[in-house]
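> Take this structure first; my questions come after.
The values are calculated or read from the model by the stated rules, or taken from the named source; none is laboratory data. Predicted, not measured: the structure shown is a model, and the values here were computed from it. All Cβ positions, even for glycine, are placed from backbone atoms using ideal geometry, and neighbour counts span all protein chains on display. All accessible areas refer to the heavy atoms of the entire protein, side chains included, with ligands and DNA or RNA removed. Shrake-Rupley method; radii C 1.70, N 1.55, O 1.52, S 1.80 Å.
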Amino acid sequence: MNLLSQIRNINSMIVPTGIGASIGGFAGDAVPAAKLLAKASDLLITHPNVVNAALLSDSPENILVLEGALMDLFFQNQIAIRPNVKHKIAVVLDKACDDQNRILTENCIGAAKAVYGLDIIDEIFYTEEPIGAEDLLQIKNPDTLLDACARARDAGATAFALLAVLHEDSESEAVKNYKQGTGYDPIGQIEAKISHLVSKIFLMPSAHAPIISSSAKQEKVDAKVAAEYLSDSFLASVFKCLQHSPEIIVIPDAYKTLTNNYTDPSQQKSRQRPGDIVVADLANLVVPYDCCNSTPMNQAWKHEIDLVCVENNTTNLDEPAEMFGINAVLVKNYLEAAGYLLANTKDKGFIDANRL
């Protein structure tokens, strides 16, 4: 019996990064919602932004974590995903980090090995030059990041924990608002750019932990962001996130499209097999109400996946499904969403939600 024959209700939950989602736009504050939806699923596919909470991590076993760029490729039917794999994790570290953060990173690696029992490569793969992402706007030196990841992959890595030095202006309005649980995560967009770049180029799971260069002092903050103020390192939750990541299997029709200077998918050792999950296996996709103009939402209808929009999770965007002619199921909150997932499976247990 293959894995897919045992899984009847596969769903996905997405809360895009850096757009001020009222639930999931902060520091792991979507974890309770993800745990609830996981209870209503045999398997829930989500992305790092939903479950990463700096020092904290509390992901149920039936969650698969798929980086955002890989999530897009999955919904475009260019990749399949294989759960229940053991990753060899490489830590890729920005040359711009100081000695204290190097030591802190080494201690985090040691702790993760001892406590989680993870397979982490002993060598830290430093970039040969600073990545140059301090301004939170762009990656000024992407090649040095990709070269370090290539060295890590060639050393046997199957997943990347990425650390870049970022500068957070503790006096900016964006940071002040974020600390009070409003606005958006000031470093969210650059973090997404870093992990999107690496995952898309190497077709391997990655997650980013920032090294914050800031003069901010400890202070009372809103509970939704408090996890980020408990520790000087955010690496621990990244390790846990990667532990829940699948293997990426390129679908043959996408070989040419996904080939680049670092990766040739046609040379990939693993080939698609029964039990690998493809987008058509999903029953439902759960998203905030007003951010429906991205690849997963636009692709869902092609694969007969119900788009479930949560009305009390709003963002800085104004892009509801109806604006784009996308049919969607509207639910008031994640409690209602969980009920819909339980009813709307792809097996004989399906219940017409309209009857309820």
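> Specify which residue in the list GLN78, THR105, VAL92 is farthest towards the positive end of the charge dipole of the stretch 63-129, using unit charges on the beta carbon of Lys, Arg (+1) and Asp, Glu (-1), about the Cα centre.
GLN78
> Straight-line reach only, C-alpha to C-alpha below 27 angstrom: list the lysines that LYS332 could link to, leaving out same-chain residues fewer than 8 apart.
Counting by Cα, and skipping residues close in sequence, LYS332 has these lysines nearby: LYS35, LYS39, LYS179, LYS224, LYS302, LYS346, LYS348.
> In Å and whole numbers, how far do the C-alpha atoms of the stretch 208-314 stretch along each principal axis, longest first?
Extents along the principal axes: 52, 38, 25 Å.
> Quick one: accessible area per residue over the stretch 237-356, 1.4 Å probe, rounded to a whole number of Å²?
That works out to 52 Å² per residue.
> Here's a follow-up. Can you compute the charge dipole magnitude of the stretch 1-128 about its Cα centre, using +1 on each Lys and Arg Cβ and -1 on each Asp and Glu Cβ, nothing else charged? Give it in debye, rounded to the nearest 20.
560
> How much length would be gained if the chain were fully extended between SER213 and ILE326, taking 0.36 nm per residue of separation minus their Cα-Cα distance, in nm to one decimal?
Contour length minus Cα-Cα distance gives 36.5 nm.
> Moving on to the next point. Using only Cα positions of the chain, each an equal point scatterer, no hydration layer, compute I(q)/I(0) via Debye at q = 0.06, 0.11, 0.14 Å⁻¹ and quote the log10 values to two decimals.
-0.20, -0.72, -1.18
> Determine, from the Cβ-Cβ distance of THR295 and ARG355 and an R0 of 35 Å, the FRET efficiency 1/(1 + (r/R0)^6), rounded to the nearest 0.05.
E(calc), rounded to 0.05, equals 0.60.
> By what distance, in whole Å, do the Cα atoms of the stretch 92-248 stretch along each of the three principal axes, largest value first?
43, 35, 31
> Over every pair of different alpha-carbon atoms in the stretch 155-195, take the mean of 1/r and invert it; report that Kirkwood radius in Å.
When all Cα pairs of the stretch 155-195 are included, the Kirkwood radius is 12.1 Å.
> Taking amide H atoms as placed 1.01 Å from N in the peptide plane, list the residues 5 or more away in sequence, or in a different chain, whose amide H sits under 5 Å from that of TYR126.
LEU93
> Sticking with this structure for a sec: Once you charge only the Cβ atoms, +1 for Lys and Arg and -1 for Asp and Glu, what is the size of the charge dipole of the chain about its Cα centre, to the nearest 20 debye?
1180
> Find me the longest stretch of the chain that has none of the exposed GluC sites (Glu not before Pro), where exposed means in a DSSP loop (not H, G, I, E or B) with at most 13 other Cβ atoms within 10 Å.
Longest gap between qualifying sites, sites excluded: 220-303.
> Given the rule -39500 (n - 2.57) for each run of at least 4 DSSP H residues, summed and divided by the residues of the chain, what is its mean residue ellipticity at 222 nm, to the nearest 500 deg cm²/dmol?
Theoretical 222 nm ellipticity from helices: -8500 deg cm²/dmol.
> Mind checking the dipole of the stretch 71-147: about its Cα centre, +1 per Lys or Arg Cβ, -1 per Asp or Glu Cβ, Debye to the nearest 20?
540
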